[in-house]
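The values are calculated or read from the model by the stated rules, or taken from the named source; none is laboratory data. These numbers come from a predicted model, not from an experiment. Cβ placement follows ideal geometry from the backbone for every residue including glycine, while neighbour counts extend to all protein chains displayed.
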Amino acid sequence: MSKEVLVIDDNPDIRYLICSILKEKNFSVRSAANFDQAVFEINKKLPDLAIIDIKLDKVDKDGIDLLKLMIKKNNSIPVIMISGHATVQVALESIRLGAYEFIEKGASFSTDKLLNYINRALETANLKEEKDIIENKLFHSFELIGKSPSIVKVKKIIEKLSNSESRVLITGPTGSGKELVARKIHKLSSRNKKPFVVINAASLKETTYEKELFGQEFEDGTMSSGVFDRANRGTLLIDEVTEIPIETQANILRVLIDQKFKRINGKKDVNVNIRIISSTSKNLLLEIASGKFREDLYHRLNVVPIELSPLSSRTEDIPELINYFKKKISEINGVQEIEINNKNDQLYTYNWPGNVRELRNLIERITIVSANESKENIDKSISDILDNNKPIDNNSVSKDTFTSPLKEARERFEKEYLTIQLKKNHGNISKTADFIGMERSALHRKLKLLGIKGIN
């Protein structure tokens with residue numbers, strides 16, 4: 001099915017030219033000759049893309065007002081602004097408001113340029129739509145799962161942040177769920193209808209930081225948007241913020257203080273209203289001490305700190321995580337939900353270097369490749385995968401055990417064994433006692449003797 005383009009221009013010659021060009025390229029075309037016609041066409045049906053002239057027939061209304069109307073109805077639809085009389089300031093304002101591109105009608109106007117902008121805009125819109133679909137499946141549907149003290153604490157902070165505009169700094173190892181937490185904060189905030197934009201500082205080239213963050217202006221009046229433009233009125237997550245060069249950090253600090261910035265080659269300030277959430281897997285205080293991160297920026301970002309624990313320190317959440325992931329993944333992939341033995345010891349002794357993400361990937365892998373397998377075979381597959389992922393020197397028994405007296409070695413083993421069993425049973429003494437074949441009262445005494453307490 002061909003894409004539909006709405007052409008709005010009060011000049012009949014320009015309108016006819018653009019419509020003819022589009023029809024030759026098999027686009028479906030509608031047009032409007034004035035402001036009122038344009039409003040009628042927009043309200044009747046939104047196009048896949050709109051080309052809007054800035055100067056129209058009304059004194060008090062122009063193409064900028066139509067752009068705002070389009071964005072209000074659907075901010076995902078690309079809009080290309082055109083004009084033969086607009087100032088650079090007006091052109092930049094249209095871009096700031098959300099237009100994909102601005103084209104002058106003068107000598108620089110060409111069919112190739114127009115079609116190039118249209119195709120790029122539609123391709124960008126399609127990619128965004130696909131990305132949004134994936135994100136809805138993989139992120140918005142997923143919840144922060146667990147009842148461990150560390151996760152309960154994080155949930156309470158997120159809840160309290162729902163009525164706040166405070167900046168948040170999320171720390172935690174790779175795969176612990178930092179982006180998920182950021183998305184939950186955005187979703188519960190008053191900005192939830194506005195953009196949520198993510199930039200991973202670790203994935204950028206050293207020469208592109210400024211451009212990716214702030215955008216760039218060109219001599220012909222066109223520009224490319226950065227993440228600060230795209231996140232305006234919404235939330236920006238700067239992932240792995242410690243990777244941003246020290247020189248660029250000063251410019252980010254200015255945005256935090258003044259809520260404005262300059263694009264590369266830009267002469268005027270761009271005002272923005274953005275909530276910034278940052279995250280890192282590194283120790284920021286060490287980065288500051290080594291001169292790699294600005295202390296003043298750290299204090300601006302770290303208004304509300306959230307710390308995510310590694311999965312290995314909250315193994316009591318593993319059964320709930322497994323049950324949740326296997327249900328969600330089966331729904332997303334349209335396959336049967338598999339049966340997994342939540343009491344497999346390896347799930348609790350494995351170190352989980354990739355944290356919750358590694359567990360989710362494991363469940364997804366098993367769900368896809370082991371569909372219709374027995375619970376025993378699935379259990380063996382999980383054990384084999386975890387065995388293969390272990391470092392060569394990662395033994396289930398500490399090396400110290402073999403160099404200790406028998407009494408100490410036995411106590412060390414018992415403490416590790418009972419801790420694992422209690423976590424598997426969510427701290428339930430009765431269930432643990434039944435499983436290990438011990439009287440409940442005897443288990444209580446043993447736990448007290450070994451100093452094991454506070455497992456939920």
Report summary line: When restricted to Lys72, Lys68, the only residue within 30 Å of Phe228 (Cα to Cα), in contact with a Gly (Cβ under 9 Å, 6 or more places away or on another chain) and surrounded by fewer than 17 Cβ atoms within 10 Å (Cβ to Cβ) is Lys68
**Report entry** Single match in Lys267, Lys193 (criterion: within 27 Å of Ser164 (Cα to Cα), modelled with pLDDT under 90, part of a loop (DSSP other than H, G, I, E, B) and of a type in the set (D, E, K, R))
**Finding:** Lys193
Query raised in the report: Restricting attention to the stretch 22-34, does a residue exist that is over 24 Å from Val90 (Cα atoms), crowded, with 18+ Cβ neighbours inside 10 Å and of a type in the set (Phe, Trp, Tyr)?
Result: yes
Query raised in the report: Within the stretch 284-294, how many residues turn out to be surrounded by 13 or more Cβ atoms within 10 Å (Cβ to Cβ) and farther than 20 Å from Phe214 by Cβ?
Result: 4
Query raised in the report: Would the stretch 355-364 turn up any residue that is without any contact (Cβ under 8 Å) to a residue 40 or more places away in the chain, farther than 30 Å from Ile252 by Cβ, surrounded by fewer than 19 Cβ atoms within 10 Å (Cβ to Cβ) and out of contact with any Ser or Thr (no Cβ under 8 Å at 6 or more places or on another chain)?
Result: yes
Query raised in the report: For the stretch 95-116, how many residues meet the condition of being more than 27 Å from the chain's Cα centre (by Cα), under 17 Å from Glu219 (Cα atoms), surrounded by 13 or more Cβ atoms within 10 Å (Cβ to Cβ) and not acidic (Asp, Glu)?
Result: 5
Report task. Working only within the stretch 68-94, note down all residues that are part of a helix (DSSP H, G or I) and within 15 Å of Met223 (Cβ to Cβ). Result -> Val88, Gln89, Val90, Ala91, Leu92, Glu93, Ser94
Query raised in the report: For Glu247, are the conditions met, namely being surrounded by 15 or more Cβ atoms within 10 Å (Cβ to Cβ) and of a type in the set (D, E, K, R)?
Result: no
Query raised in the report: If you scan the stretch 284-322, which residues turn out to be part of a loop (DSSP other than H, G, I, E, B) and without any contact (Cβ under 8 Å) to a residue 24 or more places away in the chain?
Result: Ser290
Requested in this report: Residue by residue through the stretch 196-230, note down the ones that are closer than 21 Å to Ala250 by Cβ, touching a Gly at 6+ places or on another chain (Cβ under 8 Å) and in a loop (DSSP other than H, G, I, E, B).
Outcome: Gly215, Gly226
